[in-house]
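Worksheet: one structure, shown below.
Throughout, read-outs are computed from the coordinates displayed, never taken from laboratory work. No experiment lies behind these values; they were computed from the predicted model shown. Cβ coordinates were reconstructed from backbone atoms using ideal geometry, including for glycine residues, and neighbour counts include every protein chain displayed.
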Amino acid sequence: MGQNTLYGGAISLYTGKARAYMDWKQVPYTEVLANVDVYKGIILPRVGWPVIPVLVTDKDETVQDTTEIIDHFEALDPDPSIYPSGSAQKMAALLIEVFGDEWMKLPAMHYRWNYNEDWILTQFGALSAPDASPEEQREIGEKRAGPFRGSLPFLGVLPETRSAIEESYEALLADMSTHFETHDYLFGSRPSIGDYGLIGPLYAHNYRDPKSGEMMKATAPRVARWVERMVKSPTPRGGEFLANDEVPDTIIPLLNRFAVEYLPVLEKTVAAFNAWAADNASGTEVPRALGVHEFTLGGVTAERAIFTFDLWMLQRPLDFYASLKGANKEAVDAMLEKSGLSGITRMPAYPRIARPNFKTALA
Ligand SMILES: N[C@@H](CCC(=O)N[C@@H](CS)C(=O)NCC(=O)O)C(=O)O
């Protein structure tokens, strides 16, 4: 019997998500820094493309994507679960996971690259070459960080959207601060899948990167305390979700931010994907991006790439919604209505996306 090994790094958004979950769940594992040798010797041969985190399980299975890593351990050890059993809480948590994982890359990448550039370049070098000098690490970092820094305009992190991203992020922190006056996590005293979606961007980029962390601690200390609880749980495997499937009123502004900022992007992504899928057979690999489209944030309209991965993630809340009946469906409909998010249930259907061999493909 081997051991669970998480290949990742401290600067990685998604490693932070998987690590926080595995620590709360008290999964026995070792974290190994994904340096150049690990990418060449383990990640590329097992996954086929360079990405972190990657889990190699104690049975030598490879699991990639934090959502699948989490679900791997949830299936092995379902109780206590990070999925609320109440339908409204679960739907809200699944939506917030998608929002955190995909949409919050904008503030994460903006603050990292526009406020912490020198620091992060050296950190990228340290990830590849932990024993090199800081000067060498910065040089190596310049090369290694290229694709990440280069992704900013594709995400829509542009000079013209900078103020809108900051206003949106500051408002989100204010909303979360209000919520954490009363609750330790999104839905009570236990972290949910929604909390794990948010911790990715809010830990590595927006807390751990020095300038971003200073700002969070100064403007939203309650959010900083939540980050600290998320990454070092005072009560691993503990806590409860709120009784009676309650979605606190202080969660509604988060969902409303999804509705206002992100839902229109998803709607346009579905339209682009459906047009692409009409010309492609089952089994075809789905391109990571399908051209560009306009999006509007805080009244500013700009262009960004049309990312297809979001639709793979979105299948989770949509599948859950499709499974609901009777009172459970009514509770979810009421929660979505109150959040301005009913549109999510009216989006046109789109062909199923699978992930054979760690790459999205038409099912
Ligand atoms: N959705 C994935 C994303 C993993 C991911 O994007 N990881 C980043 C580092 S935090 C990466 O390695 N990206 C390389 C790439 O996307 O090409 C997850 O949840 O694990």
When the chain is fully extended, how far beyond the present Cα-Cα distance does Asp249 get from Asp131, taking 0.36 nm per residue of separation?
37.5 nm
Surpassing 24 Å at the alpha-carbon level, of the pairs Lys105/Lys217; Lys17/Lys359; Lys143/Lys268; Lys105/Lys329, are Lys143/Lys268; Lys105/Lys329
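So what is the relative contact order for segment 215-331, in percent, with contacts set as C-alpha pairs under 8 Å and at least six apart?
After rounding, I find 16 percent.
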Taking 7 Å along the Cα-to-C-beta vector as the label spot, tell me the Ser85-Arg149 distance in nanometres, rounded to one decimal.
5.1
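If each residue of separation counts as 0.36 nm, what is the full-extension length gain between Glu61 and Ala174 once their alpha-carbon separation is subtracted?
Stretched out fully, the Glu61 to Ala174 stretch lengthens by 36.5 nm.
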Treat the count of other C-beta atoms within 10 Å as a stand-in for reagent exposure and order Asp23, Asp279 from fewest to most.
Asp279, Asp23
Approximate spin-label separation His72-Asn114, in nm, with each point projected 7 Å along Cα-to-Cβ:
3.6
Stretched fully, the stretch from Ala363 through Ala334 gains (0.36 nm per residue minus C-alpha distance, one decimal, in nm) 7.2 nm
Semi-axes in Å, largest first, for segment 4-76 (Cα gyration tensor, √(5λ)) are 18, 13, 10
Take the chain, connect every pair of alpha-carbon atoms lying under 10 Å apart with a spring to form a Gaussian network, then pick out the residue of Gly125, Gly213, Gly41 with the largest mean-square fluctuation.
Gly41
Exposure proxy check on Leu158, Leu198, Leu341: fewest-to-most Cβ neighbours within 10 Å is Leu158, Leu341, Leu198
Please say if the chain is rounded, prolate or oblate, where rounded means a/c under 1.5 for a ≥ b ≥ c the square roots of the C-alpha gyration tensor eigenvalues, and otherwise the choice is prolate for a/b larger than b/c and oblate otherwise?
rounded
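How high is the relative contact order of segment 4-76? Use alpha-carbon pairs under 8 Å, at least six apart in sequence, and give a whole percent.
Normalised by residue count, the contact order of segment 4-76 is 40 percent.
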Please identify the DSSP H helices in the chain that span no less than 18 Å along the helix axis (Cα) and have a mean Kyte-Doolittle hydropathy of -0.5 or more.
162-180, 263-278, 309-322
First measure r as the distance between the Cβ atoms of Ala349 and Lys325, then evaluate 1/(1 + (r/R0)^6) with R0 = 25 Å and state the FRET efficiency to the nearest 0.05.
0.85
With n ≥ 4 as the cut-off for DSSP H runs, can you work out [θ] at 222 nm for the chain, using -39500 (n - 2.57) per run divided by the number of residues, rounded to the nearest 500?
-15000 deg cm²/dmol
Ascending count of other beta-carbon atoms within 10 Å, so fewest first, for Asp60, Asp310, Asp209, Asp333:
Asp60, Asp333, Asp310, Asp209
Once both label points are put 7 Å beyond Cα along the C-beta direction, the Glu166-Ala281 separation in nm becomes 5.2
